[in-house]
2 protein chains.
Amino acid sequence: MARVSQEHLDARRRQILDGAALCFARNGFHATSMQDVLKEVDLSAGAVYRYFSGKEELIAAIVAEVLGQVHDGFEEEARNSPPPPPDILVASVLGRVLATKESLTVDGRPAFPRLVVQVWTETLRNDELAGLLREGYGAVQATWTRIVEAYQETGMMRPDVSPDRVARTMMAAAMGFLAQQALFGPASAEVLGDGLRALMSVQDHSSVNLLETRSN
Amino acid sequence: MARVSQEHLDARRRQILDGAALCFARNGFHATSMQDVLKEVDLSAGAVYRYFSGKEELIAAIVAEVLGQVHDGFEEEARNSPPPPPDILVASVLGRVLATKESLTVDGRPAFPRLVVQVWTETLRNDELAGLLREGYGAVQATWTRIVEAYQETGMMRPDVSPDRVARTMMAAAMGFLAQQALFGPASAEVLGDGLRALMSVQDHSSVNLLETRSN
DNA sequence: ACAACTAAAACGAACGATCCTTCTTTTTGA
DNA sequence: TCAAAAAGAAGGATCGTTCGTTTTAGTTGT
């Protein structure tokens with residue numbers, strides 16, 4: 001194939017990215033060899049090295065893509081106006097994130113959550129990728145903090161807790177549930193939504209007596 | 001040193017485990033070479049291979065230890081009777097987990113959260129370690145589910161949500177916050193506690209009007 | 001008390017395997 | 001027919017591990 005159309009070049013690049021992502025989701029970035037990737041994408045070394053200068057660049061491309069997809073999932077769902085209550089918001093964000101790359105599977109289970117955890121570990125040893133992660137995380141946290149402020153301004157949530165702490169907590173719930181999917185297999189985002197809804201019904205210590213009175 | 005005391009043997013083994021854990025927290029299991037470990041613990045290859053049959057066994061030993069420490073942190077804190085409300089419980093569990101191996105640091109920051117995330121990725125490619133993880137997680141979830149049932153039976157929490165979903169959600173919050181510590185640096189467990197307390201004050205959609213009336 | 005002895009602990013050079021990458025050659029599509 | 005794309009053998013580096021040697025702590029004999 002000489003002088004190939006741009007669509008073909010793009011398709012090849014995507015083919016490489018998808019195959020490599022599958023390998024990396026299976027075994028992690030550094031336990032998968034280039035030959036593993038070459039076998040998965042069914043191409044020669046010369047072909048792959050025409051699209052990526054090396055393994056490091058391939059990893060960086062996949063990390064950047066995954067971070068972008070997670071970022072989009074978190075941000076887009078938060079643009080809804082007015083913002084839904086936290087349980088609905090977190091569950092729908094998680095559902096959207098889990099919907100990305102659903103076709104990519106590792107022995108029948110979605111590979112994306114696994115890939116996200118692998119990306120986390122890679123940002124721990126690559127400062128450039130760590131910068132990307134912080135950038136995206138900061139933007140999302142800013143968005144969510146504004147939503148929490150709206151909760152508090154409308155009297156929906158107690159106003160005596162710093163909004164960014166609440167935002168961090170909601171993101172932690174989503175991140176932790178994502179990790180659970182990677183480690184223990186798929187589960188509906190509804191599980192997390194139900195759990196948060198139940199937590200929202202708990203009164204803190206100073207109000208417990210009041211609630212107990214009502215429920216009797 | 002021939003015929004060395006058992007304490008010396010144990011100390012050597014621990015020295016190797018600690019040095020290796022530091023390396024693995026820095027760079028992950030498969031991006032750190034044995035020579036990196038040898039340099040860190042300041043021993044020769046022959047010495048290390050006297051205590052561990054190979055890299056794999058060294059990794060397995062560290063993974064098992066980390067999983068055990070996390071497990072203990074989750075379980076011991078939950079034995080308190082009566083169980084504190086969710087925000088207090090989750091925060092104190094996280095505080096306890098973060099207190100493990102506090103002396104082990106990567107450029108001044110605690111290495112343990114990083115190590116936990118690395119352990120997660122290793123369980124994705126080692127079925128034996130995955131079994132260990134599932135075992136520990138299952139036990140913790142059972143304990144927490146019982147606590148949630150207590151919440152519901154005392155009228156502290158709405159009873160129409162499956163208790164194990166709530167348990168999963170609380171554990172997700174803790175896991176996600178742990179991941180945040182690995183990725184973005186240390187933070188007090190109080191942050192998560194405050195966030196959960198704020199979430200606990202949110203009324204769901206059908207009750208919003210009621211709360212707004214009260215707050216005016 | 002001290003020197004010789006011994007078995008274990010530690011050393012570290014070196015081996016084979018595997019890794020990532022390069023480069024020449026072959027194939028292919030325009 | 002030609003330039004681009006893909007192939008795949010091979011190079012150089014690094015990996016995990018082994019194994020013959022050296023060092024050392026504890027024991028024995030006098």
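Annotations for the structure displayed:
- Put simply, the Cα atoms of segment A:124-190 extend 40, 32, 15 Å along their principal axes, the longest span coming first.
- Shape call, segment A:53-139: gyration tensor on alpha carbons, a/c limit 1.5: oblate
- Carbon and sulfur %, accessible surface of the protein assembly as shown computed with the full protein complex present, 1.4 Å: 49 percent
- Over chain B, relative contact order from alpha-carbon pairs under 8 Å, at least 6 apart, %: 22 percent
- Summary of the geometry: segment A:124-156 and segment A:102-117, compared by the centres of their Cα atoms, lie 25 Å apart.
- Residue of A:P159, A:P110, A:P84 that the Gaussian network model of chain A assigns the largest fluctuation, springs spanning Cα pairs under 10 Å: A:P159
- Of all lysines in the structure, the ones whose alpha carbon falls short of 25 Å from that of B:K55, not counting any fewer than 8 places away in one chain, are A:K55, B:K39, B:K101.
- Cα gyration tensor shape for the protein assembly as shown, rounded if a/c is under 1.5, else prolate or oblate: oblate
- Among complete DSSP H helices in chain B, none has alpha-carbon atoms stretching at least 30 Å along the helix's long axis together with a mean Kyte-Doolittle hydropathy reaching 1.0.
- A 1.4 Å probe run over chain B, with the rest of the protein chains in place, finds 45 Å² accessible per residue.
- Comparing A:G54, A:A78, A:A64 along the charge dipole axis of segment A:23-88, the residue lying farthest to the positive side is A:G54, per the Cβ-charge model.
- Estimated from the Cβ-Cβ distance and a Förster radius of 35 angstrom, the FRET efficiency linking B:Q35 and B:A64 is about 0.90.
- By the Cα gyration tensor, segment A:1-100 has an equivalent ellipsoid whose semi-axes, rounded to whole angstrom, run 34, 16, 10 from largest to smallest.
- Area hidden from solvent between B and A (accessible, protein heavy atoms only, 1.4 Å, total, Å²): 5700 Å²
- Value in Å of the Kirkwood radius, where segment A:2-59 supplies the Cα pairs that are averaged: 11.5 Å
- Computed [θ] at 222 nm, helices only, for the protein assembly as shown once each DSSP H run of length n ≥ 4 contributes -39500 (n - 2.57): -23500 deg cm²/dmol
- Part-to-part distance (alpha-carbon centres) for segment B:42-63 and segment B:158-191, which is given in Å: 34 Å
- Shape of segment B:60-201, Cα gyration tensor, a/c cut at 1.5: oblate
The values are calculated or read from the model by the stated rules, or taken from the named source; none is laboratory data. Since the model is a prediction, treat every value here as computed from it, not as a measurement. Glycine also receives a Cβ, built like all others from the backbone with ideal geometry; neighbour counts cover every protein chain displayed. For the accessible areas, the whole protein counts, side chains as well, though only heavy atoms, and no ligand, DNA or RNA atoms are used. Shrake-Rupley method; radii C 1.70, N 1.55, O 1.52, S 1.80 Å.
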